[in-house]
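Contents: one structure, followed by commentary.
The values are calculated or read from the model by the stated rules, or taken from the named source; none is laboratory data. Treat the numbers as computed from the prediction; the structure is a model and nothing was measured. When we count neighbours, we look across all protein chains shown, and the Cβ atoms used for this are built from the backbone with ideal geometry, even at glycine.
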């Protein structure tokens, strides 16, 4: 077994110092070391996007990074985006528009959508579909996911001061 | 009076946990002392296992056990049985870990248990298996050829079963005297279900009480408990608890009894520690049961009036290497019996030959047999309409079963309960603007643009029932459903159902109905499902049975609660029970609104029993076991509009409209969501998805790089509406909606693509319609295409 490496990351605002194997993927670090199981693993080829988190404010697939590569970074997972008492507009949009069924792709989908709206606050339907093509959903046919993102975009436009998540 | 919730697009109560990342899927769970399993899988489709050397793996630091098939067989672990039998069916053994031969890529030859998943996977690579590779066969028709390699030594012809339905003689006669006939050779492409949550299982054994708990990604935990207890492991049924917590999609693939569930249970007892296994997606591709995979010759005959007189079908249905739980039912009763579709066809004959091959087992995948039937029937209808020079819609209209013909007895066993097909078709045509679309298609063709319009009128049979009938057809299980409604002293209500929700929103929709029935706030109702330790019994969710069967049981149990509540109210109000009415959320003396008791007051008194009828049991709960009288028969019309780019062969979906009829809709948000997802999966089959095997039985599309799932930019916003034709034989009149989208959309898109290609003289292509396939077909046809 390879020698462990010391890393420091801030996850959802909390600083963690951990010793990790160099081969440990960021997604497994989040799920298994930190117990943040909201970030899911849906494939082993970086296609499905279920593991999408924000790394220093940008959406990344956490299965494409080793935990050691996140050393010194700030990470937001679905658990840090918003809570039941204070939902992020994208979370609210998914609930309002029935943007989820089994819920498994949902955290990654929400993180990818939130990232899109950070970059492009008023995306067209085509831009939404394009931005989410790295996230697979087998339940919804994407119909209500598109509507959920549109809901969130409208909500964020109408409410000045909705905090960005990172 | 509280607002009626039946029919309301209520937001789902299950969503807060999913949108905040606090769901509880099997792989999210960690138990004290938990260890991990990794499987050693055959890289060969067919190989004799000459020797297995586990010594290196066993001595790897952190490894606790390496389990072989021989060890489990010696420990008395039996083969995994199938749940459906036909006369003369061959049921070769299916051991969780094979010990003589590997019969498909991914067949388990050993399991490694270690302190961490990483160690288990490292050590799995240290297991040395001495394979003797053998010739393999992957295509059903190849497996039937003389001299083909046998999948199971004692079944040299590879035939698991043959099956037929219908009057062959009458059909042959109808063909002999037909005005016109058409014939299609169809390949229904093999699909990988690909629920987004990979399968996972976690087992725990309590030595002191000799009890097991299995958490697993399942659509039907009681079926696992029964199979494991009674057939496979001999665990007393009351010592095994199976829990299906949050499950990330199923689509059929999580119905079956899989080997890994047996392995983790065995290992948990052996080691005295909880054992977890979670599939990697590449394992899912070769071990989750696949869907479809038919090779079919389909024929249709008509008379001079354009009435369909007969349909004749001969299908080879590839079963893969082993029989899984419901595999024998899928290409037979769920397929051949659906070949009347929505039409008055008087004579139908279907013959099915089901061979084993050296491929991943094939079983039910969303729609299960019904999409295969709909696809071939609706392709035949379009091709025949073209032969007759008729618009495909008018040809359909001429042959639809009229509304006054219900209940309608088909020539293939089923009796349709209710339907109004033509009204549904007309609504869809009007909404989509069919005439204008045909005009636009003409104009586009003049400009060298190729639009195609595909229309499908579909029927679905769901909620298999009654149990006695299903049993007579070969099911080794009942198909009734149970419900327990438990009222607490504070008037809050727990509803236990034997169905399972893995995305379908039962926690919301079923609570809406219970709240209506009891006239209480929906917040006071909680649905409990997915745990053999909590519900009375149940057969789970598949075949769109949850609403027609599971919810019917709930409603009837709830009505028992109301009857008992009336008796308690009558006692408290000093009235006769027959004078008590249940209105405005209260139990009151008819015509005397002042004399009333709330549901809470009754629930409390039922538990205190201080002032209580002498002849009545205390407590307020009711159980109901509901066995439906018949299947339910949803139907509808789907219309796809596509454009094919002749230069690239790319198919672009322009519009998709569905008008579905599943009876009264409980929650439109959820019902429409089911349709959207089903349509996307059907589009996947038509345009993108195929499990491709080479002749040696290697899967060539075994991950998301090579197997294309529909993505957001493959879809359009779906136009949806519905008609309402209630089911006449269940308490709410509801039918199923879970599979309708998949059943109709593959055929609708296929018909649309073929319609677009008509100017090129192309009559039929097999799915999926990849750009390359379309481009080649167009290139091939170019010389004949002078007119365009």
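If you filter region A:144-166 down to residues that are farther than 21 Å from residue A:59 by Cβ and in a loop (DSSP other than H, G, I, E, B), you find that the one that is modelled with the lowest pLDDT is A:161.
Scanning region A:118-132 for residues that are within 12 Å of chain B (Cβ to nearest Cβ) and not in a loop (DSSP other than H, G, I, E, B), we see that the one that is surrounded by the most Cβ atoms within 10 Å (Cβ to Cβ) is A:128.
Residue-by-condition table, conditions (1) away from chain A (no Cβ under 14 Å); (2) free of Cβ contacts under 8 Å to residues at least 24 places away in the same chain:
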position	(1), (2)
B:697	yes, no
B:700	yes, yes
B:718	no, no
B:723	yes, no
B:749	no, no
B:762	yes, yes
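Taken over region A:74-92, the residue count meeting the criterion of being more than 9 Å from every other protein chain (Cβ to nearest Cβ), out of contact with any strand residue (DSSP E or B) (no Cβ under 8 Å at 6 or more places or on another chain) and surrounded by fewer than 24 Cβ atoms within 10 Å (Cβ to Cβ) is 2.
Looking at region B:63-135, the strands (runs of 3 or more DSSP E) lying wholly inside it that each contain 3 or more residues that are in contact with a helix residue (DSSP H, G or I) (Cβ under 9 Å, 6 or more places away or on another chain) sit at B:63-68, B:108-114.
For the condition in a loop (DSSP other than H, G, I, E, B) and over 30 Å from residue B:659 (Cα atoms), what is the one hit in B:468, B:477?
Numbers: B:468 fails: in a loop (DSSP other than H, G, I, E, B).
Only one candidate passes the filter, namely B:477.
Restricting region B:403-437 to residues that are without any contact (Cβ under 8 Å) to a residue 24 or more places away in the chain and part of a helix (DSSP H, G or I), which is nearest to residue B:548 (Cα to Cα)? Selected residue: B:403. Can we say residue B:16 is within 14 Å of chain A (Cβ to nearest Cβ) and assigned to a helix (DSSP H, G or I)? Answer is yes for this residue. For the condition within 14 Å of another protein chain (Cβ to nearest Cβ), on the phi < 0 side of the Ramachandran plot and assigned to a loop (DSSP other than H, G, I, E, B), residue B:284 does not qualify. Residue B:597 fulfils the conditions (1) in a strand (DSSP E or B); (2) more than 13 Å from chain A (Cβ to nearest Cβ); (3) within 30 Å of residue B:745 (Cβ to Cβ) except for a single criterion, (3). Scanning region B:645-687 for residues that are within 12 Å of another protein chain (Cβ to nearest Cβ) and within 30 Å of residue B:319 (Cα to Cα) gives B:674, B:675, B:676, B:677, B:678, B:679, B:680, B:681, B:682, B:683, B:684.
Restricting attention to region B:330-355, the residues being crowded, with 24+ Cβ neighbours inside 10 Å, on the phi < 0 side of the Ramachandran plot and part of a loop (DSSP other than H, G, I, E, B) number 9.
Which residues, counting only those in region B:150-203, are within 14 Å of chain A (Cβ to nearest Cβ) and farther than 20 Å from residue B:293 by Cα? The answer is B:196, B:197, B:198, B:199, B:200, B:202. Looking at region B:534-560 only, could you name the residues that are surrounded by fewer than 24 Cβ atoms within 10 Å (Cβ to Cβ) and touching a helix residue (DSSP H, G or I) at 6+ places or on another chain (Cβ under 9 Å)? B:535, B:537, B:555, B:559 - these are the residues of region B:534-560 that are surrounded by fewer than 24 Cβ atoms within 10 Å (Cβ to Cβ) and touching a helix residue (DSSP H, G or I) at 6+ places or on another chain (Cβ under 9 Å). Restricted to region A:1-72, the set of strands (runs of 3 or more DSSP E) holding at least 2 residues that are under 26 Å from residue B:246 (Cβ atoms) and within 12 Å of another protein chain (Cβ to nearest Cβ) comprises A:52-55. Criterion applied to A:99, A:141 was being modelled with pLDDT of 95 or more, more than 7 Å from every other protein chain (Cβ to nearest Cβ), crowded, with 24+ Cβ neighbours inside 10 Å and under 23 Å from residue B:678 (Cβ atoms), and the one residue passing it is A:99.
Among the residues examined, residue B:638 qualifies as at pLDDT 95 or above and assigned by TED's automatic domain parsing to the domain that holds residue B:406.
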